[in-house]
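Single-structure report; data block below.
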Amino acid sequence: MSKPVSKVLVINDEKMVVRSLTNGLNGAAKHLDNPFGLTFSGVTSAQEALNVLAADGDYQAVMIDDNLYSLEDQDKTQQQSALDLVHCIHAMRPELSIYIMIDEARQDEVVEALFNETVDGYFCREERDYRGWYRILHAQIQERARTPFYDALRDYVLMAKDAWHTPGHSSGDSLRGSPWVNDFHEFLGEHAFRADLSVSVDMLDSLLDPKGVIEESQKLAAKAFGARRTFFATNGTSTANKVIFQTLLTPGDKLLLDRNCHKSVHHGVVLSGAHPIYLNSSVNKKYGVFGTVPKKAIFEAIEQHPDAKVLILTSCTYDGLRYDLPPIIQAAHAKGIKVIIDEAWYGFAQFHPAFRPTALEAGADYATQSTHKVLSALSQSSMIHVNDPEFDEHIFRENFNMHASTSPQYSMIASLDVARKQAVMEGYKLLSRTLELARELRESIKETSVFRVLELEDLLPEEVRNDNVQLDPTKVTLDISQSGYTTDEFQHELFERYNIQVEKSTFNTVTLLLTIGTTRSKVSRLYDALMRLAREKRAPRRLYRVPDIAEFTALRYLPRDAYYAAGEMVPMIDEDERPNPGLIGRISADQIVPYPPGIPALVPGQVITAEILQFLLGLMRSHKRTEMHGVVFDGYVPTLRVLTEEEAAQLKPLSE
């Protein structure tokens with residue numbers, strides 16, 4: 001097993017001083033306990049320091065001389081250049097520990113100047129206490145590398161206690177040796193079952209009321225992700241979104257939401273009883289890709305609905321498009337509107353400057369992240385980050401406990417702890433590698449002359465081209481329209497012939513997701529597969545585009561009111577298999593979601609139009625496999641649940 005390497009950069013203007021400092025510190029590292037592999041090197045200018053830190057992800061800390069010359073290096077003044085460098089380092093790599101070397105005579109002056117900055121401590125230059133300095137740096141790295149919950153879970157499992165409590169498999173004893181199910185025990189492994197424990201184990205704390213190792217782990221996560229508070233969720237970001245909605249919204253409260261939001265957001269509307277103001281996303285019809293809501297539409301909605309309590313947006317989108325968040329959040333806050341950003345696909349962004357600013361850095365009050373999607377957590381493991389200055393923890397906790405299981409999976413909690421540690425200790429390094437692999441993959445795909453990577457200018461819908469929308473380069477969208485394959489055929493070839501599984505597809509594109517787990521070997525195998533398919537030189541064929549999603553129609557009643565009505569099932573087609581005219585003008589009682597892309601075509605309380613009905617039937621009849629959540633089949637006949645006339649007459653219609 002490889003051992004960690006923790007580099008520390010010493011920054012001082014004088015070469016002799018740098019040499020003396022690094023020699024002394026490396027000597028201390030050699031003679032003292034050094035499990036994290038601390039090594040020390042030095043540079044003599046601020047710009048050189050920034051270059052080194054950008055190029056090498058193994059650096060964990062920096063020691064900056066407070067007498068360092070200015071970043072420009074033109075005039076040898078000392079106009080708080082150490083402070084300038086602290087700002088630059090924190091902007092680039094906020095996870096790094098920063099220490100300042102100061103003169104004893106200027107101690108009070110320097111500490112006061114840097115007190116509110118991201119500085120972890122100070123060393124007196126004249127003391128040259130190399131062993132003492134080393135111990136402090138070692139302790140700082142050790143603190144960042146702690147995994148309180150995972151350590152406690154591992155320790156408990158290794159204690160091998162007899163289980164006289166749930167779960168019923170009793171540390172796997174019910175499976176081990178069974179002639180029928182022992183293969184399952186062997187497949188998952190012994191520790192998977194021994195770590196599956198009951199809430200009866202006090203030393204492992206309580207997810208519903210954390211006061212021990214879970215609370216410690218959440219505090220470390222909050223610091224790592226730049227939040228005031230962080231909460232672990234073991235029911236995925238779907239539940240995280242619902243918890244926040246129920247915390248901030250009461251029945252009838254207005255909220256502004258991107259129609260492109262995940263279906264859990266729309267479920268949250270039903271649960272909270274809120275009055276949604278839907279914002280239509282932009283659409284790239286050429287590729288079937290949904291973009292951001294136009295910035296102009298967001299600003300107009302904020303002005304027209306200053307009484308809204310919440311604005312929620314998804315950034316980045318499934319396809320990697322992300323909003324220019326700072327001006328949007330500023331406009332919302334000016335009206336007293338709380339901002340939630342669903343960062344399910346963007347939870348790694350804090351750990352590399354290529355992806356920032358994050359939602360929290362842009363000023364969001366809440367951010368939800370699927371840590372399992374893009375970092376090293378187990379599936380369903382997510383985080384809720386809170387920066388709301390008016391955060392009501394009691395109400396939040398009640399709503400959290402309403403959704404969370406009283407029997408959480410401890411391995412998932414441990415994986416969140418470990419994923420945070422990895423992101424802090426080597427996230428920059430891994431993300432730098434991922435970005436490089438994404439660049440290499442893009443270049444390689446160009447060489448096929450058949451497949452094409454869609455860049456930002458290709459993906460952006462026309463109406464958001466001037467909105468400063470950015471593209472996450474780890475989401476690679478591949479245009480296959482010249483290959484001679486449909487997307488279903490293309491995915492089948494990749495899976496059956498080359499053992500490759502992709503993320504998702506539209507009628508003419510396939511999305512590839514690169515993560516910190518992507519390797520150069522995987523990239524090479526993918527390129528080989530694409531090149532082989534390209535060399536088959538199949539004649540291009542017409543790809544039948546799925547119908548464009550219908551425009552959002554009027555919302556007649558609160559989604560909650562419509563959803564909880566009994567309703568009646570009405571066929572979508574008549575006896576001649578044509579769209580049933582009896583559905584036109586009726587009110588949907590359910591959320592109807594074509595997946596992919598997962599954007600509701602109907603929400604409870606919405607008026608059904610001929611256009612929407614035709615869109616749904618067109619999707620169901622197209623060659624593209626599409627799940628249709630909310631449609632119920634009566635034999636072979638698809639039906640929708642709609643309000644009866646009596647139910648509609650009893651509900652209070654929404655004002656325009």
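The values are calculated or read from the model by the stated rules, or taken from the named source; none is laboratory data. Computed from a prediction, not measured in an experiment: that's the story for all the values here. When we count neighbours, we look across all protein chains shown, and the Cβ atoms used for this are built from the backbone with ideal geometry, even at glycine. Please note that ligands, DNA and RNA were not included when accessible areas were found on the heavy atoms of the full protein model with its side chains. Shrake-Rupley method; radii C 1.70, N 1.55, O 1.52, S 1.80 Å.
Some observations on this one:
- Of the residues making up region 604-650, those that are β-branched (Val, Ile, Thr) and in contact with a Lys or Arg (Cβ under 9 Å, 6 or more places away or on another chain) number 4.
- Residue within region 54-64 that is within 38 Å of the chain's Cα centre (by Cα) and modelled with pLDDT under 95 present: yes
- Enumerated helices (runs of 4 or more DSSP H) restricted to region 152-268, each holding at least 3 residues that are open to solvent by less than 60 Å² (accessible area, probe 1.4 Å): 190-194, 213-225, 236-248
- Residue within region 576-590 that is open to solvent by 30 Å² or more (accessible area, probe 1.4 Å), at positive phi and not hydroxyl-bearing (Ser, Thr, Tyr) present: yes
- Set side by side, the residues Arg525, Arg560, Arg538 differ, and just one is in contact with a Phe, Trp or Tyr (Cβ under 8 Å, 6 or more places away or on another chain), open to solvent by 20 Å² or more (accessible area, probe 1.4 Å) and farther than 29 Å from Val374 by Cα, which is Arg538.
- Identification of strands (runs of 3 or more DSSP E) wholly contained in region 1-66 with 2 or more residues that are among the small types (Gly, Ala, Ser) and either in contact with a Ser or Thr (Cβ under 8 Å, 6 or more places away or on another chain) or open to solvent by less than 70 Å² (accessible area, probe 1.4 Å) (or both) yields 38-43.
- Listed by first and then second residue, the pairs with beta-carbon distance under 8 Å, at least 6 apart or on different chains, first residue in region 89-100 and farther than 17 Å from Phe355 by Cα, second open to solvent by 20 Å² or more (accessible area, probe 1.4 Å) and among the acidic types (Asp, Glu), are Ser97/Asp120; Ile98/Asp120; Tyr99/Asp120.
- With respect to (1) surrounded by fewer than 22 Cβ atoms within 10 Å (Cβ to Cβ); (2) over 30 Å from Gln140 (Cβ atoms), the lone exception for Ser432 is condition (2).
Yes or no, residue by residue, for (1) modelled with pLDDT of 95 or more; (2) under 22 Å from the mean Cα position of the chain (by Cα); (3) not hydrophobic (A, V, I, L, M, F, W, C):
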| site | (1), (2), (3) |
| --- | --- |
| Pro251 | no, no, yes |
| Asp258 | no, yes, yes |
| Lys263 | no, yes, yes |
| Leu271 | no, no, no |
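- Looking at Val632, Val607, Val593, just one residue is β-branched (Val, Ile, Thr), open to solvent by less than 40 Å² (accessible area, probe 1.4 Å) and modelled with pLDDT of 90 or more, and that residue is Val607.
- Residues in region 463-508 that are hydroxyl-bearing (Ser, Thr, Tyr) and closer than 23 Å to Arg322 by Cα: Thr474, Thr477, Ser505, Thr506.
- Residues of region 119-144 that turn out to be touching a residue at least 40 places away in the same chain (Cβ under 8 Å), in contact with a helix residue (DSSP H, G or I) (Cβ under 6 Å, 6 or more places away or on another chain) and either farther than 16 Å from Leu9 by Cα or open to solvent by less than 40 Å² (accessible area, probe 1.4 Å) (or both), as a count: 4
- Residue within region 635-653 that is open to solvent by 30 Å² or more (accessible area, probe 1.4 Å), of a type in the set (Val, Ile, Thr) and either over 21 Å from Ile277 (Cα atoms) or touching a Cys at 6+ places or on another chain (Cβ under 9 Å) (or both) present: yes
- Qualifying residue in region 565-572 (condition: modelled with pLDDT of 95 or more, in a helix (DSSP H, G or I) and open to solvent by 30 Å² or more (accessible area, probe 1.4 Å)): no
- Criterion: more than 30 Å from Pro94 (Cα to Cα), among the hydrophobic types (A, V, I, L, M, F, W, C), open to solvent by less than 10 Å² (accessible area, probe 1.4 Å) and touching a strand residue (DSSP E or B) at 6+ places or on another chain (Cβ under 7 Å) - qualifying residue of Leu454, Leu416: Leu454
- Residue match in region 215-227 (condition: touching a residue at least 60 places away in the same chain (Cβ under 8 Å), among the acidic types (Asp, Glu) and closer than 30 Å to Pro357 by Cα): yes
- Filter pass, Ser411 being part of a loop (DSSP other than H, G, I, E, B), out of contact with any Phe, Trp or Tyr (no Cβ under 9 Å at 6 or more places or on another chain) and either more than 18 Å from Gly236 (Cβ to Cβ) or in contact (Cβ under 8 Å) with a residue 60 or more places away in the chain (or both): no
- The residues of region 476-522 that are open to solvent by 40 Å² or more (accessible area, probe 1.4 Å), more than 25 Å from Gln422 (Cβ to Cβ) and in contact with a helix residue (DSSP H, G or I) (Cβ under 7 Å, 6 or more places away or on another chain) amount to a single one, Tyr498.
- Residue match in region 163-177 (condition: among the aliphatic types (A, V, I, L, M) and within 25 Å of Gly212 (Cα to Cα)): yes
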